[in-house]
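Notes for the one structure printed next.
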Amino acid sequence: MPETWIIDCVRTPRGRGKKETGALREIHPQELFAQTLNALVARSGLDPRAVEDVVVGTVSEVGEQGGCIARMSVLAAGWPVEATGVSLNRFCGSGQQAVTFAAMGVMSGQQDLVIGGGVESMSRVPMGADQSGLDGHNRHLRELHPLVPQGVSADLIATLEGFSREDCDRFALESQQRCRRASDGGYYKKSLVPVKDLEGNVVLDRDEFPRPETTLETLGKLEASFTKMGAYRMKDGSLTFDEKAKNAYPQIDQVSHVHTPGNSSGIVDGASAVLLASPDYAKAQGWKPRARILFTATCGAEPVIMLTAPVPATERCLKKAKMSIGDIDLVEINEAFAAVPLKVMKDLGILHDKVNVNGGAIALGHPLGATGAMLIGTLIDELERRDLTTGLVTMCIGGGMGITTILERI
């Protein structure tokens, strides 16, 4: 099979996604992604005219993130008008899917040099700003699949699996502690590029969201986030979200609400970009590759519980690669909610020592469309630091989907 080489990965720091106080709130999302593009130029010496496409994942494709943010970001970067861009939305898996599509272009032999990545400015374009919900307000679809909010789905997973509030809080605490060690040790520096304003002043050069002072006691004092949401009933008298979840899973007595702001992913701003090339093109440029993409896969699962599909997606990807989970050195599982990685580790038999070794979205935040590409860079950085070979990235996705990518360090 033709190969795709990853030449480099960059990401911005994650800024708090608050419109009043977030450090990146004044940076237009097009400008945010444009800075990752120009960072790749500065680091690799690539000619933007040679880039055959830029594929960008964004979840809230409305307002400042609407239109084709990929093309507009290319222009905002000051690249030549010949450079193109295309945007996509696979909910939280958008950034990882963008890298996948970019890799497929190279693997097919149709392209030699492509960039994949993602951007989300949650301070400027809040989650839900497109007002579409998960189901586009399609009543027929709701009859087929009575979807519930993702937080209720996460609590449903915890209820079915027997994950307690303390289990979730302990996982969250470990994420914060691992993030602190990684930050103090400079493990993020290789991919991190500072964000500047239009005058060239540095706005943010470190992740803004982590809370290294977190303790199990402080986590335990937080109220559950989705209790009221689970009990919400529409004016038409339809079932509450908790009732819908119980109807789909009648083996439970009730949904146990265990997720809080402390053991769920944080709302942040950020952008990331991955430079991919064919081996022949990379050799002609004198570039040293960092990794190759071995296989990728997506898979769906029952959409009410919604967030369990990383398991079948990973199983499918491993089967395609003719590998077992024991062949994987390091794993990145997006920490959308603590129950998600706990479920994936349990079902696939992965030791926590291999998973999210530098913390995850509970500590760092989850800039929706950008996270997947960020995780790819984080994984490659850590494989290099530890002198390991194989890594896997997987994410849960709204509507009951999962996406997995297996990488091999070169």
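Worth pointing out:
- Some residue of region 320-339 being open to solvent by 30 Å² or more (accessible area, probe 1.4 Å) and either closer than 17 Å to Tyr188 by Cβ or of a type in the set (Gly, Ala, Ser) (or both): yes
- Among the residues of this structure, Lys283 does not count as one that is part of a helix (DSSP H, G or I), among the basic types (Lys, Arg), modelled with pLDDT of 95 or more and crowded, with 17+ Cβ neighbours inside 10 Å.
- Pairs linking a residue in region 87-110 that is closer than 18 Å to Gly300 by Cβ and in contact (Cβ under 8 Å) with a residue 12 or more places away in the chain to a residue that is open to solvent by 10 Å² or more (accessible area, probe 1.4 Å) and acidic (Asp, Glu), with Cβ atoms under 8 Å and 6 or more positions apart or on different chains, are Asn89/Glu61.
- Residue match in region 365-380 (condition: more than 12 Å from the chain's Cα centre (by Cα) and open to solvent by 30 Å² or more (accessible area, probe 1.4 Å)): no
- Of the residues making up region 1-24, those that are under 20 Å from Pro210 (Cβ atoms), in contact (Cβ under 8 Å) with a residue 12 or more places away in the chain and open to solvent by 40 Å² or more (accessible area, probe 1.4 Å) are Arg16, Lys18.
- The single condition from (1) over 28 Å from Ala245 (Cβ atoms); (2) touching a His at 6+ places or on another chain (Cβ under 8 Å) that Thr214 fails is (2).
- When region 1-28 is limited to residues that are among the charged types (D, E, K, R) and touching a strand residue (DSSP E or B) at 6+ places or on another chain (Cβ under 7 Å), the one that is farthest from Ala370 (Cα to Cα) turns out to be Glu3.
- Residue in region 25-37 that is over 21 Å from the mean Cα position of the chain (by Cα) and buried (at least 22 other Cβ atoms within 10 Å of the Cβ) present: no
- Counting only residues that are touching a Ser or Thr at 6+ places or on another chain (Cβ under 7 Å) and either charged (D, E, K, R) or closer than 15 Å to Pro149 by Cα (or both), region 224-257 holds 9 of them.
- Among the criteria (1) among the polar types (S, T, N, Q); (2) open to solvent by 10 Å² or more (accessible area, probe 1.4 Å); (3) farther than 29 Å from Arg211 by Cα, the one Thr314 does not fulfil is (2).
- Check on Leu307, crowded, with 24+ Cβ neighbours inside 10 Å and in contact with a helix residue (DSSP H, G or I) (Cβ under 8 Å, 6 or more places away or on another chain): yes
- Taking every residue in region 51-63 that is surrounded by fewer than 20 Cβ atoms within 10 Å (Cβ to Cβ) and pairing it with any residue that is aliphatic (A, V, I, L, M) and part of a loop (DSSP other than H, G, I, E, B), at least 6 positions away or on another chain, the pairs with Cβ-Cβ distances below 7 Å are Val62/Val125; Val62/Ala129; Gly63/Val125; Gly63/Ala129.
The values are calculated or read from the model by the stated rules, or taken from the named source; none is laboratory data. Keep in mind it's a predicted model, so treat the numbers as computed, not measured. Cβ: placed from backbone, ideal geometry, glycine included. Neighbour counts: every protein chain shown. Just the protein is used for accessible areas: all its heavy atoms, side chains included, with ligands, DNA and RNA removed. Shrake-Rupley method; radii C 1.70, N 1.55, O 1.52, S 1.80 Å.
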